[in-house]
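Input: a single structure, listed below in structure tokens.
The values are calculated or read from the model by the stated rules, or taken from the named source; none is laboratory data. The model shown is predicted, which means the values in this text are computed figures rather than measured ones. Glycine gets a Cβ as well: all are built from the backbone with ideal geometry, and neighbour counts include every protein chain shown.
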Amino acid sequence: MPTRPRLTPAMADVRRAVRDALDAALPDAKKSARRDPSCGLPGGWVISDDAPLVLVALSGGPDSLALAVALGFEQGKCGVRAGAVIVDHGLQRASAEVAERAAEQARAAGLSPVVVRRVAVTDEGDGPEADARAARYSAFGDVARETGATAVLIGHTLDDQAETVLLGLARGSGARSLAGMRVVTPSHARTSVGSPALVRPLLGLRREVVAQSLADQEITPWLDPHNTDETFRRVRVRNTVLPVLEAELGPGMAEALARTAAQLTADADYLDARATDMLHTALTPAGALDTRVMVSLDPVIRLRCVRMWLVSQLGQPQLSSAHVAAVDELIMNWRGQDALNLPGGSVTRRDNALETRCSPLPPAGIAV
């Protein structure tokens, strides 16, 4: 029998983060956890066949691989069955080999099922990063529905949270973008019907701690060359912007940005709840937006209503503040303007209602 590595602080931090996140996402799951020292599984925990299934979104990189390994160890204690979904974007040489290596590592960590899904990244006009992300998350949802998975676990770290806040600040997208990512995004909060919950257990951990947990177990991750490609905005933020902020303003910038995100989440939740109520009032039976209701709203609520409506109609969660402000002009300063073109479609005002038209989808199978 192979010898398990000695538990180190980094390994303990990652495992604890997995337990805490799953306890928040699936509070009833661990009630069915049962120990049997003779079962041969990590910790002697028995996993029942009817335990909820959760999937790790696994690229093979350090963050997602560390998450997969920790989940494989903790699944019995958490009362879940753990699997993995591996998305092959087909955008790099040997991507199929990278995906298969990640699948082998997932199986070695005790994950099942392990699903590798090849996707075609179509050009939606939002840039290669956003297009690949859209294809990836669509695949996560498809595989979750096919396998009956309750949640998909994502390996975002505190460093990713800090980068997300800075990118949201650059877009001028408002408090919701500055609030960053949640540890748990319930399924009912997702824009796509039937989407699984998203769980990010590692949001409170620095990237180097997560990587150290793998090194302590002598597990070698795949290093994505895109993570050093300065043509990507996130890479520039990671390798240039954050280090400059740390050098000029002092250490702890990533932690400070993550704290800012957490503090803004509660405020954004309250305002979004108010906006959701008002949006239901402003919607017509056909899904248009009644401008007579909208003009009476406080701008803070009205702009949120506009953003929510656009996301629901056009499926574009990353709309900028400029896009939302342009649509707001159709409500507050109507002068007979032509249709407004936006990512994913267009918005037109007809009398006292705003209507959307989605852009036609590109032919299937065309990759960029």
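In this entry, residue 82 is excluded by the filter for residues that are closer than 22 Å to residue 158 by Cα, in contact (Cβ under 8 Å) with a residue 12 or more places away in the chain, of a type in the set (A, V, I, L, M, F, W, C) and in the same structural domain as residue 235 (by TED's automatic domain parsing).
If you go through the stretch 270-286, how many residues are in a helix (DSSP H, G or I) and touching a Phe, Trp or Tyr at 6+ places or on another chain (Cβ under 9 Å)? Number of matching residues: 2. Residues being in a strand (DSSP E or B) and either closer than 26 Å to residue 170 by Cβ or modelled with pLDDT of 90 or more (or both) are represented in the stretch 287-297 by at least one member.
Among the numbered conditions (1) in contact with a strand residue (DSSP E or B) (Cβ under 8 Å, 6 or more places away or on another chain); (2) closer than 23 Å to residue 137 by Cβ; (3) assigned to a helix (DSSP H, G or I), the only one that residue 43 does not meet is (2). Here residue 58 does not qualify as farther than 21 Å from residue 201 by Cα and either surrounded by 14 or more Cβ atoms within 10 Å (Cβ to Cβ) or outside the structural domain of residue 214 (by TED's automatic domain parsing) (or both). Restricting attention to the stretch 193-252, the residues that are among the hydrophobic types (A, V, I, L, M, F, W, C), under 29 Å from residue 12 (Cβ atoms) and either surrounded by 13 or more Cβ atoms within 10 Å (Cβ to Cβ) or outside the structural domain of residue 82 (by TED's automatic domain parsing) (or both) add up to 14.
Yes/no per residue for (1) part of a loop (DSSP other than H, G, I, E, B); (2) over 21 Å from the mean Cα position of the chain (by Cα); (3) polar (S, T, N, Q):
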{"position": "48", "(1), (2), (3)": "yes, yes, yes"}
{"position": "77", "(1), (2), (3)": "no, yes, no"}
{"position": "86", "(1), (2), (3)": "no, no, no"}
{"position": "121", "(1), (2), (3)": "yes, no, no"}
{"position": "133", "(1), (2), (3)": "no, no, no"}
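Has the stretch 299-307 got at least one residue that is within 18 Å of residue 355 (Cα to Cα) and not in a helix (DSSP H, G or I)? Looking through the stretch 299-307, none of the residues is within 18 Å of residue 355 (Cα to Cα) and not in a helix (DSSP H, G or I).
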